1. Is it fair to say I404 is within 17 Å of the chain's Cα centre (by Cα) and under 22 Å from A342 (Cβ atoms)?
2. Tally the residues that are more than 22 Å from the chain's Cα centre (by Cα) and among the β-branched types (V, I, T), restricting the search to segment 256-302.
3. Do any strands (runs of 3 or more DSSP E) entirely within segment 49-149 hold 2 or more residues that are modelled with pLDDT of 95 or more and open to solvent by less than 40 Å² (accessible area, probe 1.4 Å), and if so, which?
4. Condition test on A320, is it open to solvent by 20 Å² or more (accessible area, probe 1.4 Å) and either in contact (Cβ under 8 Å) with a residue 12 or more places away in the chain or closer than 13 Å to A358 by Cβ (or both)?
5. Do we find that N191 is under 22 Å from V291 (Cα atoms), at pLDDT below 95, in a loop (DSSP other than H, G, I, E, B) and out of contact with any Leu (no Cβ under 8 Å at 6 or more places or on another chain) in this structure?
6. Considering segment 330-372 alone, what residues qualify as being touching a Ser or Thr at 6+ places or on another chain (Cβ under 8 Å) and either among the small types (G, A, S) or not in a helix (DSSP H, G or I) (or both)?
7. What is the one condition in (1) modelled with pLDDT under 95; (2) open to solvent by less than 10 Å² (accessible area, probe 1.4 Å) that F163 does not satisfy?
8. I'm trying to understand the selection: among the residues of segment 217-235, which are more than 30 Å from the chain's Cα centre (by Cα) and loosely packed, with under 13 Cβ neighbours inside 10 Å?
Amino acid sequence: MKIYIKLSLITSIGFIPFMGNSQETIYPSSAQKGITAITHATVHVGNGKVLEDANVVFENGKITSVGQATIPSSATIIDAKGKKVYPGLILPSSDIGLHEVGNGVRGSNDFLEIGENNANIRSIVAYNADSKILGVLRENGILLAGVAPSGSLIEGLSSVVQFSAWNYEDAAYKMDNGLYINFPNYSTNPNAHGPASSLQRSNERLETIRQFFNDAKAYLAEKNHVSTNLRFEAIKGLFNGTQKLFVRANGVKQMLLAIELAQSIGCPLVLVGASDSYQIAPILAKNKVAVILEEEHALPSMEDDDIDQPYKTASVLQKAGVLYCLNDGHTESRYRNLAFNAGTAATYGLSKEEALSAITKNTAEILGIADKTGTIEVGKDANLLISKGDILDMRGNQLEKAFIQGRDVSLDNKQKQMYERYKFKYNLK
């Protein structure tokens, strides 16, 4: 036992010179104290406006002035001359905090439930605020995310979280904001949107969804219940306008049927994935359907599509007046390339500011948090980024500071620590 203790101490001491703070000592930041002012920056507001040589002042986690306002004498000054300030980026749809290592390590995954109807499943209570992925996302400018469960049909309730928290209660930015549904696949093309589907099976699954909502509507219309139905109670917000229906769908027929379903319920609809949405953009705009484009860096879904169609779809929706946002759906990258997806869209029809809005302002509107974040405006949370260069470009995306609700959050992460570790091991530093 004594020998073990001595070796442990020696090992620990030996790691001190190059390890610095480990992932386990990257603590959530404390509440903002005093007044902070970012000065002389190029401020990209997120709503299309760019302010040159501007100041952003925030106190108690809220933005108090933007532009050329006088800086309070008691403020802590951050000189950002020659640098850019952006709103914190928002990842709209993910399994962050639910899915850590991979499908082969069951203990680190809590994103997939068995059974077809899990309407009462709440993603927020399974969210792991200590996920090691969060540090990597923060360094790439992502400060908030929509977190949703997965499943075979009716998947469960999503929530929005912020990335500096001790637990899920601290992390919760908006709880149970919508119900996710994995819509039946009507494609008969095995190369499009997954395996080819059986029409009869798809119709049966769609009827299951319709029947569930009909039963829920009847249940919620009753004043008194003999027993409580947790599934119906979980989605009552769909019928009173406080929740949205998020439908995973890519094909045109899927999306049109989803619009019909949402209209029968009377709830706002958000299409998730929507790779073929460019084909029905006017219909989506007319019916006020929002879209979360799952992935810019992808091949087209159909063999006769333009090879660069995924890059152009955002601009088609923009021109049609559809409320849309961008996502990074690649599980391999664990969502870190969100900003660069927007950068790609900016080279295929969007302006730089439109592309920025697609990962900030638009996302906040779709997730129902636009009253608190998404743009750099007075009264909103101080979710801010300071970058040396263009955040949508891999070369320019060099964050120096990130603030969540006015709190100066760490940009350290496990990958940076491992990089430093092996530089030390091979005498590269």
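1. Numbers: within 17 Å of the chain's Cα centre (by Cα): yes; under 22 Å from A342 (Cβ atoms): yes.
In short, yes.
2. Number of matching residues: 4.
3. Details: elements: 50-59, 62-67, 76-79, 84-87, 89-94, 142-147.
Counting at least 2 such residues, we get 50-59, 62-67, 84-87, 89-94, 142-147.
4. Working: open to solvent by 20 Å² or more (accessible area, probe 1.4 Å): yes; either in contact (Cβ under 8 Å) with a residue 12 or more places away in the chain or closer than 13 Å to A358 by Cβ (or both): yes.
The answer is yes for A320.
5. Numbers: under 22 Å from V291 (Cα atoms): no; at pLDDT below 95: yes; in a loop (DSSP other than H, G, I, E, B): yes; out of contact with any Leu (no Cβ under 8 Å at 6 or more places or on another chain): yes.
The answer is no for N191.
6. If the condition is that a residue be touching a Ser or Thr at 6+ places or on another chain (Cβ under 8 Å) and either among the small types (G, A, S) or not in a helix (DSSP H, G or I) (or both), then Y335, A345, Y348, G349, L350, T360, A364 are the ones that fit.
7. Against the list (1) modelled with pLDDT under 95; (2) open to solvent by less than 10 Å² (accessible area, probe 1.4 Å), F163 comes up short only on (1).
8. A218, A221, E222, K223, N224, H225, V226, S227, T228
The values are calculated or read from the model by the stated rules, or taken from the named source; none is laboratory data. If you're wondering where the values come from, they're calculated on a predicted model, not measured in any experiment. When we count neighbours, we look across all protein chains shown, and the Cβ atoms used for this are built from the backbone with ideal geometry, even at glycine. In case anyone asks, the SASA skips ligands and DNA or RNA and just uses the protein heavy atoms, side chains included. Shrake-Rupley method; radii C 1.70, N 1.55, O 1.52, S 1.80 Å.
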